[in-house]
Amino acid sequence: MKEILVLYYSQSGQLGDILSNLIQPIREAKNCTIAIHQIEPEEKYPFPWKMKDFLQVFPESYLQISKPNKQIPEQILNQHYDLIILGYTVWYLSPSIPINSFLKSKEAKILLKNTPVVTVNGSRNMWILTQEKVKRLLVDCKAKLVGNIAFVDRHWNHISVITIVHWMMGGKKTKYLGIFPKPGVSDKDINEADKFGVIIRKHLFQDKLEDLQQELVNNGAVIIKPFLIQSDKTANHIFSKWSAIIYRIGLKSPERRKKWLGFFRYYLQFAIWFFLPIVFVVFLITYFPLYRRIKKNVNYYQSITLR
């Protein structure tokens with residue numbers, strides 16, 4: 001008998017749909033039990049976002065500052081699991097506040113210690129360095145990361161910026177103006193998430209989880225666009241400066257914090273529409289000279305190892 005726990009936080013509900021389809025093949029196995037628990041923050045994050053609320057979570061999100069979650073039920077904490085599937089989303093290039101807060105909690109250290117973990121993220125496209133942060137948090141919990149699956153918006157970067165704002169601020173996963181593609185992870189990718197569940201089930205019941213990630217990668221679980229590695233690194237450098245300044249200012253003056261978040265909003269638009277295209281041009285110019293390094297980075301970020 002295999003005991004499996006699915007832990008996640010989903011603000012929009014998209015990640016919940018992904019996980020529901022992913023675990024369906026595992027549910028069909030007769031000799032396993034699956035528990036599902038959605039992490040609940042004490043401070044709710046309503047969906048859709050209001051712009052002021054979306055901006056307010058920036059410093060704490062990026063700096064990975066914990067906030068209280070509701071307690072996980074005792075029957076879950078007291079159970080030993082053969083596999084934990086951890087679903088998370090990306091907020092400002094870091095795991096969402098509820099997931100980050102969980103991973104830094106005493107409950108996580110109880111649940112995850114010496115336990116195999118498969119991470120599943122649902123994001124726009126820049127998730128790569130967020131996964132590195134999750135890896136470090138899992139190491140702190142003495143968990144055994146055995147797999148990672150990334151569900152992303154496959155459309156061109158600037159198209160996905162427009163559509164994600166339409167969805168996150170409007171609350172409807174529809175085609176903006178009737179001409180843009182639907183935002184977020186495609187219905188096709190969500191509906192076909194069960195193919196990864198088949199792979200997980202096979203490795204779990206054959207007790208060969210050490211080979212799981214390679215087969216997941218071979219079947220398209222982690223598709224990395226090399227340009228987004230550099231974009232992620234550049235954006236993390238920028239966010240580290242802004243978040244530290246705004247957080248420090250906010251400790252002294254909430255009003256000044258609001259003003260600086262307004263500055264950040266305009267800078268963010270400038271960076272997306274003007275600065276990132278420059279980064280892309282530089283990436284194209286240096287692609288062939290740096291090809292070996294780029295290939296090495298792609299292989300690493302598809303893996304479950306931590307530098």
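The values are calculated or read from the model by the stated rules, or taken from the named source; none is laboratory data. Quick caveat, the model's predicted, so the values are computed rather than measured. Positions of Cβ are backbone-derived with ideal geometry, glycine not excepted, and every protein chain shown enters the neighbour counts. Quick note on the areas: whole protein, heavy atoms, side chains included, nothing else; ligands and nucleic acids left out. Shrake-Rupley method; radii C 1.70, N 1.55, O 1.52, S 1.80 Å.
Brief remarks follow.
- Evaluating 6.51 cos²θ - 1.76 cosθ + 1.60 at θ = phi - 60° for every residue in segment 121-129, the Karplus couplings come out as 10, x, 8, 5, 6, 8, 10, 4, 6 Hz, glycine and proline recorded as x.
- The three principal axes of the Cα atoms in the chain give end-to-end lengths of 55, 48, 42 Å, sorted in falling order.
- Over the chain: helical MRE at 222 nm, DSSP H runs n ≥ 4 each giving -39500 (n - 2.57), nearest 500: -15500 deg cm²/dmol
- Helix 291-301 vs. the chain, principal-axis angle (Cα, 0 to 90°, nearest 10): 50
- Pairwise centroid distance, computed over Cα atoms, of segment 101-160 with segment 203-246, Å: 8
- For the chain, share of DSSP beta bridges that run antiparallel, in % to the nearest 5: 10
- Across segment 59-191, the relative contact order, built from alpha-carbon pairs under 8 Å that are at least six residues apart, equals 21 percent.
- Partner lysines whose Cα lies under 22 Å from the Cα of Lys208, excluding those fewer than 8 positions away in the same chain, are identified as Lys2, Lys30, Lys113, Lys135, Lys142, Lys144, Lys195.
- By accessible area with a 1.4 Å probe, ligands and nucleic acids excluded, highest first: order of Val281, Val298: Val281, Val298
- When you filter the trypsin sites (Lys or Arg not before Pro) in segment 17-107 for DSSP loop state and at most 14 other Cβ atoms inside 10 Å of their Cβ, you are left with Lys30, Lys44, Lys50, Lys70.
- Rg/Rh for segment 32-98 stands at 1.03; both radii use Cα atoms, and Rh follows the Kirkwood definition.
- Relative contact order (%) - the chain, alpha-carbon pairs under 8 angstrom, separation at least six: 20
- For Gly87, residues with placed amide H under 5 Å, excluding near neighbours: Leu7, Tyr8, Tyr9, Val120
- For segment 8-13, putting each phi into the Karplus relation 6.51 cos²θ - 1.76 cosθ + 1.60 with θ = phi - 60° gives couplings of 6, 9, 9, 7, 8, x Hz, in residue order, rounded to whole numbers and with x for Gly and Pro.
- Whether segment 167-206 is rounded, prolate or oblate, judged on the alpha carbon gyration tensor where a/c under 1.5 counts as rounded: prolate
- Between 0 and 90 degrees, the angle of helix 157-170 with respect to the longest Cα principal axis of the chain falls at about 80 degrees.
- Magnitude of the charge dipole, segment 1-132, Cβ model with Lys/Arg +1 and Asp/Glu -1, debye to 20: 80
- Remark: segment 214-225, residue by residue, has Karplus-estimated 3J(HN,Hα) of 4, 5, 4, 4, 4, 9, x, 6, 9, 9, 10, 8 Hz, where x stands for each Gly or Pro and the curve is 6.51 cos²θ - 1.76 cosθ + 1.60 at θ = phi - 60°.
- Shape category assigned to segment 198-284 from the gyration tensor of Cα positions, a/c cut at 1.5: oblate
- Proximity of backbone amide H atoms, modeled 1.01 Å from N, is registered between Lys2 and Cys32, Thr33 at under 5 Å, excluding neighbours fewer than 5 places apart on the same chain.
- Spherically averaged projected area of the convex hull of Cα atoms, segment 101-250: 11.4 nm².
- In the context of the full protein assembly, Trp242 retains an accessible surface of approximately 50 Å², using a probe radius of 1.4 Å and ignoring ligands and nucleic acids.
- Given a 1.4 Å probe and the protein chains as shown, Tyr291 ends up with an accessible area of around 110 Å².
- Of Ile238, Asn78, Phe151, farthest towards positive along the dipole that unit charges on Lys, Arg, Asp, Glu beta carbons give the chain: Ile238
- Over segment 110-191, the hull volume per residue, using the convex hull of the C-alpha atoms, is 117 Å³.
- Gyration tensor (alpha-carbon) shape descriptor, segment 1-148, a/c threshold 1.5: prolate
- Between the Cα long axis of helix 254-270 and the first principal axis of the chain there is an angle of about 90°, rounded to the nearest 10.
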